[in-house]
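Have a look at the structure below before the remarks.
The values are calculated or read from the model by the stated rules, or taken from the named source; none is laboratory data. Computed from a predicted model, the values in this text were never measured in an experiment. In this analysis, Cβ positions are derived from the backbone assuming ideal geometry, glycine residues included, and neighbour counts consider all displayed protein chains. In case anyone asks, the SASA skips ligands and DNA or RNA and just uses the protein heavy atoms, side chains included. Shrake-Rupley method; radii C 1.70, N 1.55, O 1.52, S 1.80 Å.
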Amino acid sequence: MFKFFKRADHGNEKPELDLKTVVQGYSIEVMPRTAAKIDDFKALLPAGTRVYIAHIDGTPIDDMVATASRLSSDGFQVMPHFPARSIADVHTLEDWIKRYRNEAGVEQALLLGGGSSNPAGPFDSSIQMIETGLFDRYGFKRLHVAGHPEGNRDIDKDGSCRLIDEALVWKQAFSERTDAQMAVVTQFAFDVEPIIAWDRRLRRAGITLPVHLGIAGPAKLQTLIKYAVACGVGPSLKVLQKRATDLTKLMLPYEPEDVLADLQSYLADEPDSLIRQAHFFPLGGVKTCADWANGVLASSKQSASSPPVAV
């Protein structure tokens, strides 16, 4: 849960903008090939950090499990991706779950539809994987699901948010009738306004699941635009496109201070928000992203030594 420091301002208490409060307890995403470039994760990430392992089509499950085992042995909370449309059959899903549990001690998973438009097997959504009961059978305690503040045209082809909102209502009900610990992890965005509108819409719909907000880490602007287009980032892409027209900023690396500052301001004014912590997509490199986030935390000895939030 975010905490906000106060300062006196002409006799009134107002929120003090401090990026430490939104970076504290961050999670981060890696892939087996990017993790292999890091010699020592314990020297790079705060102890107990939740590390997601992205499963890109074509990545051998052996590589995924080996990366999970390494990170788990180092004391991190490991959360591998399970992309529904990439899983050939129920036997494959069960095999993945068993291997993560038995070989790497994993008991957390991010369930998502996946990027493929043609399912490799019977699964088209995270709901279908949940309904197998396999995660519960093998002792997975925490299940995170995907969120889309700017919509997802792969799911709602008409540009609405009807289907993705209905899916979150189902997952909310599932969390209420089971003991699964659940949260929503979002796609990254570059403008806080669609995030605010989405957060408020979910609450009106009765959603109470905590949100871990996707944030793009520092990267070259050209790299960021490429990933944003590939990942289907919506209206907030205009923030990058506008930056690209400014010659004074074109060659400078993007850093997420602006969106985090806007987020901090919103959360200070709206404490009932579902947003609980930041999840970094290290599009400019895992070390670059972690160094940036750790630098923010290091500006306060107290914040840097606090344990990560786990909700």
Legend entry - Selection within region 1-34 - modelled with pLDDT of 95 or more, surrounded by fewer than 19 Cβ atoms within 10 Å (Cβ to Cβ) and not polar (S, T, N, Q): Arg33
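Residues checked against (1) open to solvent by 10 Å² or more (accessible area, probe 1.4 Å); (2) within 16 Å of the chain's Cα centre (by Cα):
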{"residue": "Leu134", "(1), (2)": "no, no"}
{"residue": "Ser160", "(1), (2)": "yes, no"}
{"residue": "Asp165", "(1), (2)": "yes, no"}
{"residue": "Lys171", "(1), (2)": "yes, no"}
{"residue": "Arg177", "(1), (2)": "yes, no"}
{"residue": "Ala183", "(1), (2)": "no, yes"}
{"residue": "Gln187", "(1), (2)": "yes, yes"}
{"residue": "Asp199", "(1), (2)": "no, yes"}
Legend entry - Candidate set: region 198-212, residues that are outside any helix (DSSP H, G or I) and aliphatic (A, V, I, L, M); chosen: the one farthest from Asp136 (Cα to Cα): Ala205
Inset, instruction - Taking Lys37 as the residue in question, decide whether it is touching an Asp or Glu at 6+ places or on another chain (Cβ under 6 Å) and either open to solvent by 30 Å² or more (accessible area, probe 1.4 Å) or not in a helix (DSSP H, G or I) (or both). - result: no
Inset, instruction - Could you please give the count of residues in region 165-197 that are closer than 30 Å to Leu134 by Cβ and part of a helix (DSSP H, G or I)? - result: 13
Inset, instruction - Mind listing whichever residues of region 126-164 are at pLDDT 95 or above and in a loop (DSSP other than H, G, I, E, B)? - result: Thr132, Gly133, Tyr138, Gly139, Phe140, Lys141
Inset, instruction - Can you work out which of the residues in region 201-229 that are within 17 Å of the chain's Cα centre (by Cα) and at pLDDT below 75 is surrounded by the most Cβ atoms within 10 Å (Cβ to Cβ)? - result: Ala228
Legend entry - Of all residues in region 17-66 being within 18 Å of the chain's Cα centre (by Cα) and of a type in the set (S, T, N, Q), the one that is nearest to Phe188 (Cα to Cα): Ser27
